[in-house]
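Computed from the coordinates by the stated procedures, all read-outs in this text should not be read as laboratory data. None of these values were measured; they are calculated from a predicted model. As a convention, Cβ positions derive from the backbone with ideal geometry for all residues, glycine included, and neighbour counts pool all protein chains shown.
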Amino acid sequence: MKIRGERECTECGTRWSYYETGSVGCPACGSLRSVGVDERTEHTDLQASFDLTPVRNAVDEVATDDLAERARDRCREYVRRRGFVNAGTLRDLDDAYLAAIELLHVADIVAREIRLGDREELYFLALLRDADQGERAPVEDVPETLRSARGLAYANAVREYRRDLRTWSGDRDVTASERRALETLGEHVTRIRMLDGDIEPRAAERLVEATRDLANGLRGDEVAFTQARERLDDLDLE
């Protein structure tokens, strides 16, 4: 949506940036009466903190399924608030978001699984340890039984990113080749979701790489755009 991010309180005259605070309330007096003092700008990214410390601190106190529920709730709230257009600027599809959405899917499985294997539990704990640091688990560490969780998580992440990418590019001259690349990306996402994410982790990683290249291509990097098209054309989801 397009908003006027620079606000002025009609009660006390304080000016602030909604882009920084994520709130329409005046930071000085708390009034909700304000006016925008700038041009409307596309903005989908709300203020969102991602801290799993309280969950990690409970590792020795609660059962794994309870731990997973707590992690799932925190990841869901973070992912829900995150967007990729901030004050008209396109953000990257960053590792913190990808780690959070994967942990969300893995934690959901862990919370429901009656008999959890050692490797699955260790993988969940590794995600819990590193996700809010913006670190993703290596492809080779993904257990076979959890590859669907990563595949579906990354497909959903790319779906959300593609939506914001299209929003961001709406006011720009998009070429036919760029539109086709966006359509192809969407087709890959749809197919992965139909497969319930059951693809090789390396294929999910290539989807992310193609998405990042496409974003850079739409920003004007011709080499990245060419690479994005090649990655999308060569993507094997079998």
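If you look at the Cα atoms of the range 1-136, you get an Rg and a Dmax of 19.0, 59 Å.
Each Lys and Arg contributes +1 and each Asp and Glu -1, all at the Cβ; summed about the Cα centre of the range 134-238, the dipole is approximately 420 debye.
For the range 1-125, the Cβ-based charge dipole about the Cα centre amounts to some 560 debye (Lys, Arg positive; Asp, Glu negative; other atoms uncharged). When the chain is treated as a Gaussian network with alpha carbon springs shorter than 10 Å, the biggest mean-square fluctuation among 205, 187, 11 belongs to 11.
Each peptide in 67-77, 108-118 receives the mean, over its residues, of other Cβ atoms within 10 Å, and ordering these scores from highest gives 67-77, 108-118.
Fully extending the segment from residue 62 to residue 24 would add 9.9 nm, taking 0.36 nm per residue of separation and subtracting the current Cα-Cα distance. A simple count of charges around residue 117, restricted to other residues whose Cβ falls under 15 Å of its Cβ and scoring Lys, Arg +1 and Asp, Glu -1, yields -3.
Calculated translational diffusion coefficient of the chain (20 °C, 1.002 mPa s; Stokes-Einstein with Kirkwood radius over alpha-carbon pairs) equals 110 µm²/s. With the highest mean first, a sort of the peptides 149-155, 160-166 on other beta-carbon atoms found within 10 angstrom per residue produces 149-155, 160-166.
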